[in-house]
Structures are given as structure tokens and as C-alpha cells.
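These notes concern the structure reproduced below.
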Amino acid sequence: MKNVIFIAPPAAGKGTISDYLIKNYHYKHLSTGDILREEIQSGSKFGKEIENIMASGNLISDDVMINLIKQKLTELSKQSFILDGFPRTLIQAESLDEMLISMGVTNNVVISLDIDRELALKRVLGRINCPKCGRSYNVYFENMKPSKENICDDCNSDLIKRSDDNEESFRKRFDDYLSNVSLIKSYYEEKHLLKNIIVDNDLERVLKEIIKEAKND
Ligand code: ATP
Ligand code: MG
């Protein structure tokens, strides 16, 4: 399978799609959002520096993110990987290219997920997560509710809301995405790496299309 690099606005489903790919195709998942949230939870100095920036929906600086991803990529073995949350700016995309070239990693596909803004907002406002296993639920969609209100089906923990899953932070995140996405897309289009997939609530179709693009043949 190819390495998958996601370009997507908030709540497009990167996490859910990644979970499926990990289970069925043994990918290694590199989610910058998850990595940063773990730093905050651990109470590290770095975590304290980024906590407010993230809660308000702002981007962490390119320098910081580039160094972080560089480190994570060097820790990878030969396993195929999913990049979820990086690159988010053209500068990040250009740096990623340098990193992958210097590592000799060439088997990549960039998948852009397009989702309607109103649907993304609804998903963000209804989303609750398990702090222990990371599973995400949604109170606005029948098939995504936990069986017991606010309790994780898998590990019985109380579910929590992400501090940036509110309307104000969503606006900031979605607007940042819109202002960066066309440059990133043209960059990858020129390299013939870009595939566009439209996201709605038909997860099965979305997964099918992604698997088709990620297969090597
Ligand atoms: P999703 O809903 O699919 O989880 P998201 O965009 O809401 O996507 P994350 O990818 O989890 O959320 O990222 C959350 C926050 O982490 C961002 O709003 C930003 O503050 C920070 N962040 C994550 N990746 C980057 C990055 N590559 N560059 C800058 N900031 C980042
Ligand atoms: Mg995510």
C-alpha cells in the first residue's frame, strides 16, 4: 500500500478513516492533532505552550510542526504510514517533500477530502471522544452514538469534548484550511500525486475510493 497523506478540513473523517486503514492494512498512523493532544495531557513544557493555541483553533508554528514530524518520520520502520494533519501549509508541504526524498520514500498518494462546511460544523459540535482509547462518537448521528449516554462502548470511560470542538474554533480552523488548501493542492497536482474525494455520510463509499487510490496497482 502507498503512504497516504491527507489534506482535509476539521471533521472530514481523517481519524475514522485512519482507524479503518490501520486495522485492515497495517498502516502506522501519524496524527499531529493526537500527538499534540498527548503532549498537553502529559503536562510537558511543550504541552503547556501549545494548549491555548490549540483550544482557540489556531495553527502551531511551521518550525515547531516540521521538527516534530521530522522526528516522527525518522522513528518509522519500513511500514507504510498515514500522515493525518500534516502538511497544513505550503511551507510544511515543501519541507515534507525534502524529508521524504532524503529518506528515499517515494510511494505516496495525497488524498484531499472535501466536505461541506455545514456538515463539518455539525460533526464538530456533536463529537465526543474517549480519553482512554481515542474512539470518537457523535451525538447528532444515530449510528455514531455510544450505547450508553456519554460512556465509551469499548472501555467504559466517560466521554469528553475536545476543547477546540466549538463553533468559534471551528470557524478559525476551517478558514485556515481554506486559505492554505489551494496552494497545497496545486503543489501536489503538479507532482501528479493529488486525488480528490468528496466526503458525505456514506463512509463505505469514501473508504472504497480511498483504498482504490492507496493500492499500489
Ligand atoms: P479532525 O477533525 O479530523 O481531527 P482537526 O483539523 O479538527 O481534524 P487535528 O488534526 O486534530 O484537528 O488538529 C488539531 C489542532 O492541532 C489544530 O487546530 C492545530 O492547532 C494543531 N495542529 C495539528 N497539526 C498541525 C499542523 N500541521 N500545523 C499546525 N498546527 C497543527
Ligand atoms: Mg483528527
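Here's the yes/no breakdown for (1) touching a residue at least 12 places away in the same chain (Cβ under 8 Å); (2) under 30 Å from A93 (Cα atoms); (3) basic (K, R):
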{"residue": "K132", "(1), (2), (3)": "yes, no, yes"}
{"residue": "Y140", "(1), (2), (3)": "yes, no, no"}
{"residue": "N150", "(1), (2), (3)": "yes, no, no"}
{"residue": "D153", "(1), (2), (3)": "yes, no, no"}
{"residue": "N156", "(1), (2), (3)": "no, no, no"}
{"residue": "D164", "(1), (2), (3)": "yes, yes, no"}
{"residue": "K172", "(1), (2), (3)": "yes, yes, yes"}
{"residue": "Y177", "(1), (2), (3)": "yes, yes, no"}
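Checking each residue in region 118-144 for being surrounded by 14 or more Cβ atoms within 10 Å (Cβ to Cβ), assigned to a helix (DSSP H, G or I) and at pLDDT 95 or above picks out L119, A120, L121, K122, R123, V124, L125, G126.
For region 59-91, filtering for residues that are within 16 Å of ligand 2 (Cβ to nearest atom) and either outside any helix (DSSP H, G or I) or not charged (D, E, K, R) (or both) leaves 13.
Residues in region 164-185 that are among the basic types (K, R) and either closer than 17 Å to G33 by Cβ or near ligand 1 (Cβ under 9 Å from one of its atoms) (or both): K172, R173. Look at (1) crowded, with 19+ Cβ neighbours inside 10 Å; (2) in contact (Cβ under 8 Å) with a residue 60 or more places away in the chain; (3) outside any loop (DSSP other than H, G, I, E, B) and you find that S95 fails only one, number (2). Checked against (1) surrounded by 14 or more Cβ atoms within 10 Å (Cβ to Cβ); (2) under 30 Å from E51 (Cα atoms), I197 passes all but condition (2). Pairs are defined by a Cβ separation below 6 Å, a sequence spacing of at least 6 or placement on different chains, a first member in region 27-41 that is in a helix (DSSP H, G or I), and a second member that is near ligand 2 (Cβ under 10 Å from one of its atoms); the pairs so defined are T32/G85; G33/G85. The residues on offer are I53, I82, and the sole one that is more than 30 Å from D202 (Cα to Cα), within 14 Å of ligand 1 (Cβ to nearest atom) and either without any contact (Cβ under 8 Å) to a residue 24 or more places away in the chain or not hydroxyl-bearing (S, T, Y) (or both) is I53. The residues in region 28-50 that are near ligand 1 (Cβ under 8 Å from one of its atoms) and acidic (D, E) can be counted, and the count is 1.
Does at least one position in region 65-74 carry a residue that is farther than 30 Å from R205 by Cβ, modelled with pLDDT under 95, more than 18 Å from the chain's Cα centre (by Cα) and more than 8 Å from ligand 1 (Cβ to nearest atom)? Yes, region 65-74 contains a residue that is farther than 30 Å from R205 by Cβ, modelled with pLDDT under 95, more than 18 Å from the chain's Cα centre (by Cα) and more than 8 Å from ligand 1 (Cβ to nearest atom).
Kindly indicate the residue of region 147-174 that is polar (S, T, N, Q) and not in a helix (DSSP H, G or I) and also surrounded by the fewest Cβ atoms within 10 Å (Cβ to Cβ) among those meeting that condition. Give the derivation first.
Narrowing region 147-174 to residues polar (S, T, N, Q): 147, 150, 156-157, 163, 166, 169.
Checking which are not in a helix (DSSP H, G or I) leaves us with 147, 150, 156-157, 163, 166.
Values: S147: 8, N150: 13, N156: 10, S157: 15, S163: 15, N166: 15.
Only one residue fits best here, namely S147.
When region 39-57 is filtered for residues that are within 16 Å of ligand 2 (Cβ to nearest atom), at pLDDT 95 or above and of a type outside the set (V, I, T), the ones remaining, listed by number, are E39, M54, A55, G57. Of everything in region 179-194 that is in a helix (DSSP H, G or I) and either of a type in the set (S, T, Y) or in contact with a helix residue (DSSP H, G or I) (Cβ under 9 Å, 6 or more places away or on another chain) (or both), the residue that is surrounded by the most Cβ atoms within 10 Å (Cβ to Cβ) is I184.
The values are calculated or read from the model by the stated rules, or taken from the named source; none is laboratory data. Nothing here was measured: the structure is a model prediction, and the numbers come from that model. Neighbour counts run over all protein chains shown; Cβ positions are idealised from the backbone, glycine included.
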